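These notes concern the structure reproduced below.
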Amino acid sequence: MVSHPTDYQLHLFHEGSLYRSYELFGAHVIKSGEGSYTRFCVWAPAAKKVRLAGDFNGWNGEGFEFQRINPEGVWMLLIEKDLTGSLYKYEIIGSDGVAKLKADPYAVYSEVRPNTASIVYSLDGYQWNDQNWLRKREKTQALDEPMAIYEVHLGSWKLASDGSLLNYRKLADELIPYILSHGYTHIEVLPLTEHPLDISWGYQATGYYSATSRFGNPHDFMYFVDQCHQNGIGVILDWVPGHFCKDEHGLYCFDGSYAFDYINPKDRENLVWGTANFDLGKTEVQSFLISCALFWLDKYHIDGFRVDAVANIIYWPNSDRELNPYGIEFLKKLNGAVANHYPGTLMIAEDSTDLPNVTRPPEDGGLGFTYKWNMGWMNDMLKYMETIPEERKHHHNKVTFSLLYAFSEAFVLPFSHDEVVHGKKSLLDKMPGDYWRKFAQLRLLLGYMTAHPGKKLTFMGTELGQFSEWKDKEQLDWHLLDYEMHNKINVFVKELLKIYKRSKPLHEVDLDYGGFEWIDADNAEQSIFSFIRKGRKDGDFLIIVCNFTPETYSGYRIGVPHDATYREILNSDAQVFGGSGVTNKKMIKAQETNFHGRPYSIEMNISPFGISILRPVKKRKGKVIDAKEKARGDASGRRAGKPLKHTDKKPR
C-alpha cells in the first residue's frame with residue numbers, strides 16, 4: 001500500500017525541523033506494485049474541509065475530499081491514477097465557511113501567468129553532468145577566491161527577435177558564453193520563485209517551490225544550472241523568505257486564517273511593499289521555508305542564495321528598529337541547516353542594518369551568513385561620485401570611512417538593480433560632467449570597487465555603459481556596443497576582471513587588515529588615494545593609486561614598501577579603454593627616498609579620473625622578467641607590438 005506520512009515526519013514538521021517537508025507535502029506521483037497513485041498533502045490548520053479541483057474533474061471538488069490526518073491540520077488525498085501534467089488547486093473551505101481555490105504551496109511547477117493553477121510534475125529524469133563542479137565546490141574556500149557576480153533579470157537581459165522571453169535553455173546558450181567572455185565567476189538571478197506580476201521582478205512570490213514557468217519547465221532550469229556549472233559558473237538565486245504576495249490564489253489567508261503570516265495585523269501587513277510577512281516564529285513556517293532552501297539545493301544544484309530584505313526579518317515590521325527575536329532565530333536556524341546539509345553554500349544577506357556579526361557562525365553568536373552586502377560602502381561611494389570633482393575634497397571621508405569597518409564582516413560590494421531604477425539613473429549617468437568625464441569616472445569607480453576589499457557584484461548593463469536606467473520590460477541596450485566609448489568600457493570591464501582573478505592580492509585576503517594598507521589616505525586637497533593590497537605570501541602585493549579629479553600630474557611621488565621595480569598592469573586612462581592616454585609605459589624603479597613614512601618611493605604619472613595598479617617585477621638570474629606581461633601586453637596603455645602614444649592632453 002502507498003505509505004502515509006509517519007508520525008515522526010508529522011512531529012518534525014510541527015516542531016519546525018522537517019527540513020525536506022517537500023517530500024511529504026505537495027503532489028507526488030508514486031509507483032508501486034499495485035499501480036500508480038498521485039498523493040496530495042497540504043497543511044491547512046483552520047480549514048473545515050479541503051477538496052481537490054482540477055482539469056481532470058471539471059474543477060469540481062465533489063468526491064475529491066481530503067482526509068484530515070492529524071489535529072494540527074495536515075490533510076491528505078490519494079488518487080489511484082498518475083495525474084502527471086494535470087492542473088490542480090486546493091478548494092479550501094475556511095473557518096468562515098468561505099471556499100477559496102488555492103495554488104499548492106509546495107507545487108514544483110505552475111501555469112504561465114496570468115493563469116495560476118499548479119501542475120503535477122515529476123522532477124525526476126534529468127541527467128546531471130556537473131559532478132566535477134560539485135566536488136570542486138565542496139573543497140573550495142570561497143572566502144579566499146575571486147568572486148565577480150553578474151546580477152541578471154532573465155526577463156530583460158535579452159529578448160527573442162519577436163520580443164518574447166527567452167527559454168531557460170536558450171538563455172543558457174546565450175548568457176553563459178557572454179559571462180565567460182567577460183570573466184564573471186557567478187551569476188545572481190533575480191527571484192525565480194513563481195510570481196503573478198512581472199513588474200514585481202519575482203520579489204512577491206506565490207510559489208516558493210516552483211521555478212517560474214515564464215522561461216520554461218523545471219527540467220529546462222536544471223539544464224540552465226547544469227550548463228553554468230559545466231562552464232565553471234556558480235549560480236546564486238535571489239530568495240525572499242521574509243514576505244509574500246497577497247494575491248487570492250497564494251499563501252495569504254490560506255485556510256481562512258493566517259496560517260503562514262502573523263495574526264497581529266501590525267506585524268502581518270508589510271506597508272512598504274503591500275505584502276504579508278511570514279510568521280517566522282511559527283514552527284510549521286520554519287519547516288516550510290528551510291525546506292524550500294534545501295529544495296533548491298537538492299533539486300537544482302544551485303550554489304547559494306542572496307536573501308532579500310534581511311532588515312525586514314531582523315526587525316519587527318513597521319516598527320522603529322525593534323528587534324524581532326523570531327526573525328533572528330529563524331535566520332540562525334536557516335543558515336545552520338544549510339551549512340550542515342550543504343557546506344560551501346553561499347548565504348548572502350542583503351542587509352541594510354548595522355546589526356553586528358551577521359557573517360559569524362550561529363555558535364559564535366552570529367547569524368551565520370557567508371557574506372553581507374556592504375550597503376554603507378555602496379551608498380557612500382555613489383554619493384561621493386555624484387559630487388562634482390571640485391567639491392569632493394570636502395567629502396573625502398566617504399571614501400576612507402569604509403576601511404574602518406571593511407573587515408567587521410565578510411562583505412560583497414554591490415552595485416545592484418536597486419541603484420539603477422526608479423529615477424536613480426544608470427551608474428554612467430550618475431557621473432557628473434560631460435560625455436568623456438562620465439565614462440572616465442565610471443571606469444575609475446569600477447576599478448576602485450575591484451581594488452577595495454570585498455567580493456564584487458554589478459548589475460547587467462553596467463559593462464555596456466548604459467546611459468538609461470534599467471527598463472524591466474525591454475532588453476539591455478545592446479546597440480550601444482556599436483559606439484566607440486561603450487565598446488571600450490566593455491573592453492575595460494573584461495580586462496579589469498582578468499586582472500582581478502589572476503591577482504591574489506585583490507581577493508585572497510578580503511577578511512582582515514593584513515590584506516590592506518593605506519599609503520596615503522589624507523590627500524583630500526587633490527582627492528588622490530593610494531594603498532596596498534596584499535596576498536598571503538610575503539612580497540605578493542599591488543600598489544593602487546586613484547585620482548578622483550580631472551587633474552593630471554607627472555612626477556607624482558608615493559611611498560612604497562620595497563626597493564623594487566614596478567610595472568603598471570592597469571590604467572583606466574589607457575586609450576584602448578577610451579582614456580586620454582596618460583599612463584606609465586615604462587617600468588618604475590624605486591628610489592631610496594623616504595616618503596609617506598616609508599624608506600622607498602616612486603615617481604609616476606597620475607591620469608585624470610584614473611586608477612593605476614602597479615606590481616613589483618620579480619628578478620630572475622639578474623634580469624627583470626615578466627613573461628606573462630611580455631606575451632599578452634598589459635592594460636596600462638600598451639598592447640604587444642602596438643605602443644600607445646603618451647599624451648598629457650586634458651580630458652575633453
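The numbers here are math on the coordinates, done by the rules we state, and not lab data. Here the structure is a predicted model, which is why all the values come from computation and not from measurement. In this analysis, Cβ positions are derived from the backbone assuming ideal geometry, glycine residues included, and neighbour counts consider all displayed protein chains.
Would you mind pulling out the separation of the Cα centroids of segment 4-79 and segment 112-137, in Å?
Between the Cα centre of segment 4-79 and that of segment 112-137, the gap is 22 Å.
Restricting things to Cα coordinates, could you compute the convex hull volume per residue of segment 60-125 in Å³?
129
Divide by every residue of the chain the summed helix terms, -39500 (n - 2.57) for each DSSP H run of at least 4, and state the resulting mean residue ellipticity at 222 nm, rounded to the nearest 500 deg cm²/dmol.
Helix contribution divided over all residues of the chain: -7000 deg cm²/dmol.
Where does each of 355-367, 331-343 land if you order them by average Cβ count within 10 Å, highest first?
By packing density, highest mean first, the sequence is 331-343, 355-367.
Find the Cα radius of gyration of segment 104-167, compare it with 2.2 N^0.38 Å by division, and give the number to two decimals.
Working it through for segment 104-167, the quotient is 1.67.
R0 = 22 Å: FRET efficiency of N357 with E15, Cβ-based, nearest 0.05?
The calculated FRET efficiency here is 0.25.
Where in segment 75-116 does the label zone of D55 land, with the point 7 angstrom along Cα→C-beta and an amide N cut-off under 18 Å?
Taking a point 7 Å out along Cα→Cβ of D55, the residues of segment 75-116 whose backbone N falls under 18 Å are 81-91, 102-104, 107-116.
Provide the packing ranking of 387-398, 509-520, i.e. peptides ordered by the mean count of other C-beta atoms within 10 Å per residue, highest first.
509-520, 387-398
Of the beta bridges DSSP finds with both residues in the chain, what % are antiparallel, to the nearest 5?
Taking every DSSP beta bridge within the chain, about 70 percent pair in antiparallel fashion.
Summing +1 for each Lys or Arg and -1 for each Asp or Glu, what net charge is found among the other residues whose Cβ lies under 11 Å from the Cβ of A160?
Neighbourhood net charge equals 0.
Mean shadow of segment 464-586, computed from the convex hull of its alpha carbons, in nm²?
10.2
For a bin width of 5 Å, list the pair-distance distribution of segment 7-119 built from all Cα-Cα distances, rounded to whole %.
Taking all Cα pairs of segment 7-119, the binned fractions are 2, 12, 21, 24, 20, 14, 5, 1, 0 percent.
Quote the relative contact order of the chain in percent (integer), defining contacts as alpha-carbon pairs under 8 Å separated by 6+ residues.
Normalised by residue count, the contact order of the chain is 10 percent.
If you work out semi-axes √(5λ) of the Cα gyration tensor in Å from the coordinates, which of (1) 64, 33, 26; (2) 39, 35, 25; (3) 52, 24, 22 do you get?
Only one option fits the structure, namely (3).
What is the gain in length, in nm to one decimal, between K589 and D96 on full extension, counting 0.36 nm per residue of separation less the C-alpha to C-alpha distance?
169.2 nm
Run down the lysines and flag those whose C-alpha is under 16 Å from the C-alpha of K139, throwing out any fewer than 8 positions away in its chain.
none
Mind jotting down the distance between the C-alpha centroids of segment 442-489 and segment 491-548, whole Å?
Here the answer is 21 Å between Cα centres.
State the extension gain, in nm to one decimal, for the chain segment bounded by D162 and H395, taking 0.36 nm per residue of separation less the distance between their alpha-carbons.
Extra length from D162 to H395 when fully extended: 79.1 nm.
Ratio of alpha-carbon Rg to the 2.2 N^0.38 Å globular estimate for segment 305-377, to two decimals, please.
Working it through for segment 305-377, the quotient is 1.04.
Which ³J(HN,Hα) values, rounded to whole Hz and listed in residue order, are derived for segment 600-617 from phi using the Karplus coefficients 6.51, -1.76 and 1.60 in 6.51 cos²θ - 1.76 cosθ + 1.60 with θ = phi - 60°, glycine and proline given as x?
Coupling constants for segment 600-617: 10, 8, 10, 10, 8, 7, 10, 8, x, 6, x, 10, 10, 10, 10, 9, x, 9 Hz.
What are the ³J(HN,Hα) values, in whole Hz, obtained from phi via the Karplus relation 6.51 cos²θ - 1.76 cosθ + 1.60 with θ = phi - 60°, for each residue of segment 138-154 in sequence order, with x given for Gly and Pro?
With the stated coefficients, segment 138-154 comes to 5, 9, 7, 8, 4, 5, 8, 9, x, 9, 10, 9, 9, 7, 9, 9, 4 Hz.
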